[in-house]
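Here's the structure, in structure tokens; my notes come after.
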Amino acid sequence: MAGTFDGTEHRHAYPRLYELMCALQGRRFVTELQASPLAVIVTRADDPAGARQMVTCKPRVADQDRMWFFDASGEPIAEAEHVTDAAVIIAGYLAPAP
């Protein structure tokens, strides 16, 4: 794996993002896989405000360059091997306010 992630390592990121997209669709979220930057855009179908979450997948230096999911602000969500954990966390981000 390259020392820096420059967005061209799709062979590593794309399959993980696709898995995450499918897991979120199973939870009835609306998802879109975009190419540039490579990311999954997640929204709740029933959200009138249209809140979105953009999720990317790239190596995390602090974890020996293992692939991780990150939110739009660059905060780590979960290791890419843990798709279900990531889907639960993202669902929590987009949960309606009480």
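Tabulated data for the structure shown
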read-out: Contour excess over end-to-end distance, with Cα ends at ASP65 and TYR18 and 0.36 nm allotted per residue; value: 14.9 nm
read-out: Carbon and sulfur %, accessible surface of the chain computed with the full protein complex present, 1.4 Å; value: 51 percent
read-out: Segment 32-98: GluC sites (Glu not before Pro) in DSSP coil with no more than 13 other Cβ atoms inside 10 Å; value: GLU81
read-out: Listed residues ASP65, ASP47 arranged by accessible area, highest first, probe 1.4 Å; value: ASP65, ASP47
read-out: Label-point separation, ASP46 to GLU75 (7 Å along Cα→Cβ), nm; value: 2.5 nm
read-out: Average accessible area per residue (Å²) across the chain - probe 1.4 Å, nucleic acids and ligands excluded; value: 59 Å²
read-out: Under 13 Å, Cβ to Cβ, from VAL42 - net charge with Lys/Arg +1 and Asp/Glu -1; value: +1
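The values are calculated or read from the model by the stated rules, or taken from the named source; none is laboratory data. On a predicted model such as this, the values are computed, not experimentally measured, just so you know. So basically every Cβ, Gly included, is an ideal-geometry build from the backbone, and we count neighbours across all protein chains shown. Note: accessible area is taken over every heavy atom of the protein model, side chains too, but ligands, DNA and RNA are not part of it. Shrake-Rupley method; radii C 1.70, N 1.55, O 1.52, S 1.80 Å.
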